[in-house]
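Read through the structure below, which is laid out as structure tokens, and then see the notes.
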């Protein structure tokens with residue numbers, strides 16, 4: 001049986017997520033604290049901790065909807081991102097879509113998936129399984145060893161570093177498309 005969220009809890013959740021989104025977008029999301037979020041949302045720390053154990057879980061809640069949309073496109077969308085295109089084209093389309101996601105929501109990804117936390121989130125497991133399936137379908141040798149290496153350029157720290165160095169998203173997409181083609185025979 002599903003329990004319905006109380007109206008005051010829903011309002012507090014919305015205030016927390018809105019405040020966190022503003023704070024994450026305003027600076028380095030890794031510097032945002034639970035105290036900052038509670039203060040910006042106008043809620044007590046107890047209210048905040050009842051729903052979210054840490055800053056990472058708040059960033060993950062904000063990011064979740066964006067990642068779910070992309071996952072749906074990978075599973076049911078039109079080719080080349082969705083089924084029906086050759087693996088190398090799907091891998092290139094995946095890289096392009098991920099660059100777009102990082103460009104729009106990199107601050108959230110950095111807050112939710114920085115460092116070793118990246119490997120613990122469900123989205124990373126989904127991305128890895130997708131890349132692994134494409135590599136296997138393409139007949140790439142030792143796809144298990146290659147999957148994480150292909151995802152490494154999509155780490156938020158790498159992406160934001162490259163953007164900070166002046167690399168455009170178009171250049172990054174072109175480079176990752178070459179990588180997708182080189183990885184898939």
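Quick notes
- Stokes-Einstein D (µm²/s) once Rh is taken as the Kirkwood radius of the stretch 1-53 over alpha-carbon pairs, at 4 °C in 1.567 mPa s: 112 µm²/s
- Helix 7-26 vs. the chain, principal-axis angle (Cα, 0 to 90°, nearest 10): 60 degrees
- Only helices enter the 222 nm calculation for the chain: every DSSP H run of n ≥ 4 contributes -39,500 (n - 2.57), and dividing by all residues gives -23500 deg cm²/dmol, rounded to 500.
- The C-alpha atoms of the chain define a longest principal axis, and helix 55-76 lies at about 40 degrees to it.
- Estimated FRET transfer efficiency when R0 is 35 angstrom, pair residue 157-residue 136 (beta carbons, to 0.05): 0.80
- Each label point was placed 7 Å from the Cα along the Cα-to-Cβ direction; for residue 11 and residue 129 their separation is 4.0 nm.
- Globularity ratio of the chain, using Cα Rg and 2.2 N^0.38 Å: 1.14
- Across the chain, Cα pairs under 8 Å and at least six residues apart give a relative contact order of 22 percent.
- Gain on full extension, evaluated as 0.36 nm per residue between residue 69 and residue 4 minus their Cα-Cα distance, stands at 21.0 nm.
- Estimated FRET transfer efficiency when R0 is 45 angstrom, pair residue 145-residue 25 (beta carbons, to 0.05): 0.80
- Degrees between helix 87-113 axis and first principal axis of the chain (Cα, 0 to 90, nearest 10): 20 degrees
FYI, it's all coordinate maths here, none of it is from the lab. Just so you know, these numbers come straight off a predicted model, no measurement behind them. In this analysis, Cβ positions are derived from the backbone assuming ideal geometry, glycine residues included, and neighbour counts consider all displayed protein chains.
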